[in-house]
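See below for the structure under consideration.
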Amino acid sequence: IQVIAVLLALVFGGVAHAETYLLSTGAPINHPWGFGARLWADLVAERTDGRIVFDVVPDAVAAGEGGLLEFSALSRGVIDLAVGSSLVWSRDVPSLGLFALPCLVTNEQELEQVVTSTIGERLFLDIRAFNVVPLAWGDAGAYVIASRSGPLDHGADFAGLSLRVPQTASVRQSLMMLGVDAVAAPTRQALLQMRLGMIDGSVGRLADMNAEPDMPPAYDTWTRWPCLAEPLIFAVNRDLWAHWSLEDRVIVEQAALEAAIAQAEAARVLARNQGAVLEWDDVAFVDVSRSHVEKLAQELKPIFYEWSGQVGADLVGDAQAVLDARSP
């Protein structure tokens, strides 16, 4: 029997003995988010000589509409691994809603300050309570508002606009407080509405919009929305984690850390280079000034305080202290 096993390994490169696991991700492979999941899988396969294989399932199709069931499925072992959204997972882990508090984390530097501090460790502990082992922080990148009405860098600029917005409640309420008619629509439907001139714009990830081949040309001003961050989380079901040997855990975790760094960089480079990287040459990319961000933060204080209670007032206060301590 051992001889036969060796021959199979030689002929099939070890595939006959591969352990294959389901890895869910919320974007296609050519997207920075999906790229991170694919890189994680590739590194693990390479470092285990094909013995451990992650079957990457993109666009959260393994996790229900919009990926809303992903965390629950990961917790129950229906999904083995995931590169998941903190916004989506905050439905199950309320403390992850920290990143959706308006104007708390406004750029990539501040996001790094939070997730690399004790705040990041505390959030990982909260996730662990649900039978999930988090390994690394990634980043979905900047959010932008694609608009046909010019830059949106003052609170007053939003009044009366009809915008497709994310379904995260605190984000939706923030925009509505500024006077936005918030439209709930999937990306494809929102693009159709934009082509027909039915709405004034759409709020979404810069990476998503940059990858969209059918973006209506009239919506040519993209304003970076500084009141929302979306770190990604590379994680494993706890029972699977316990099943692996210490050596395999080290391989999987190190690969997750490396993939997360590469993934975050791929998402962030779009905002850093702006028009130099964007597929749309005629797009005007607008960054909201720091003074205007502070004014937006003041206008949105009621939403901030309302949702701080859901996230945890102590956690929010500690996150603010981390950001204040490292501000220039």
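Using packing as a proxy for protection, rank 253-259, 150-156 so that the peptide with the highest average count of other Cβ atoms within 10 Å comes first.
Details: 253-259: 19.9, 150-156: 16.6.
Order by mean packing, descending: 253-259, 150-156.
What share of the DSSP beta bridges in the chain is antiparallel, in percent to the nearest 5? If you can, show how the numbers build up before the last one.
Working: 20 of 37 bridges.
Bridges in the chain that DSSP calls antiparallel: roughly 55 percent.
Report the label-to-label distance for Arg195 and Asp214 in nanometres (one decimal), using points 7 Å from each Cα along the Cα→Cβ vector.
With each label placed 7 Å out from Cα toward Cβ, I get 0.4 nm.
For segment 217-310, compute Rh as the Kirkwood radius over C-alpha pairs and then the Stokes-Einstein diffusion coefficient at 4 °C and 1.567 mPa s; write the answer in µm²/s, rounded to an integer.
Details: Rh = 17.3 Å.
In µm²/s, the coefficient is 75.
From the protein chains alone at 1.4 Å, what is the descending order of accessible area for Met198, Met209, largest first? Walk me through the intermediate numbers first.
Values: Met198 115, Met209 15 Å².
Reading off the accessible areas and sorting them downward yields Met198, Met209.
Count the DSSP beta bridges whose two residues both fall in segment 139-261, then state the antiparallel fraction as a percent rounded to the nearest 5. If you can, show how the numbers build up before the last one.
Numbers: 10 of 15 bridges.
Once the DSSP bridges in segment 139-261 are tallied, antiparallel ones form about 65 percent.
If you take the charge dipole of segment 138-194 about its Cα centre, with +1 on Lys and Arg Cβ and -1 on Asp and Glu Cβ, which of Gln193, Pro166, Val180 is farthest toward its positive end?
About the Cα centre, the residue reaching furthest to the positive side is Gln193.
Residue separation times 0.36 nm, minus the C-alpha to C-alpha distance between His17 and Arg249: what's the value? The partial results should precede the final answer.
On the way: separation 232, 0.36 × 232 = 83.52 nm, distance 1.82 nm.
Contour length minus the Cα-Cα distance gives 81.7 nm.
Please give the calculated 222 nm ellipticity per residue for the chain, where each DSSP H segment of at least 4 residues contributes -39500 (n - 2.57) and the sum is spread over every residue; nearest 500 deg cm²/dmol?
Details: 14 runs with 150 residues, N = 328.
My calculation for the chain gives -13500 deg cm²/dmol from helical runs alone.
Treat each spin label as a single point 7 Å out from the Cα along the C-beta direction, and report the Gln167 to Ala321 distance in nm.
The modelled label-to-label distance comes out at 3.7 nm.
How fast does the chain diffuse by Stokes-Einstein, in µm²/s, taking the Kirkwood radius from C-alpha pairs at 37 °C and 0.692 mPa s? If you can, show how the numbers build up before the last one.
Values: Rh = 20.7 Å.
In µm²/s, the coefficient is 159.
Residue-wise, which Karplus ³J(HN,Hα) couplings in Hz belong to segment 305-314, taking 6.51 cos²θ - 1.76 cosθ + 1.60, θ = phi - 60°, and x for glycine or proline?
Going residue by residue, I get 5, 4, 7, 4, x, 6, 6, x, 4, 5 Hz, with x marking Gly and Pro.
Just the number, please: carbon plus sulfur as a percent of the accessible area of the chain, 1.4 Å probe, no ligands or DNA/RNA counted. Can you show the working numbers first?
Details: 7990 of 14400 Å².
C and S fraction of accessible area: 55 percent.
Using a 1.4 Å probe, what is the accessible area per residue for segment 195-286, in Å²? It would help to have the intermediate numbers written out before the result.
Values: 3850 Å² over 92 residues.
Roughly 42 Å² per residue, with all protein chains present.
How large is ³J(HN,Hα) for each residue in segment 102-115, as worked out from phi by the Karplus curve 6.51 cos²θ - 1.76 cosθ + 1.60 (θ = phi - 60°), to whole Hz, x for Gly and Pro?
Using θ = phi - 60°, the values come out as x, 6, 7, 10, 10, 7, 5, 5, 5, 4, 4, 4, 6, 6 Hz.
The values are calculated or read from the model by the stated rules, or taken from the named source; none is laboratory data. Bear in mind that the values here come from a model prediction, so they are computed numbers and not experimental data. Cβ: placed from backbone, ideal geometry, glycine included. Neighbour counts: every protein chain shown. Keep in mind that these areas ignore ligands, DNA and RNA; they rest on the heavy atoms of the full protein, side chains included. Shrake-Rupley method; radii C 1.70, N 1.55, O 1.52, S 1.80 Å.
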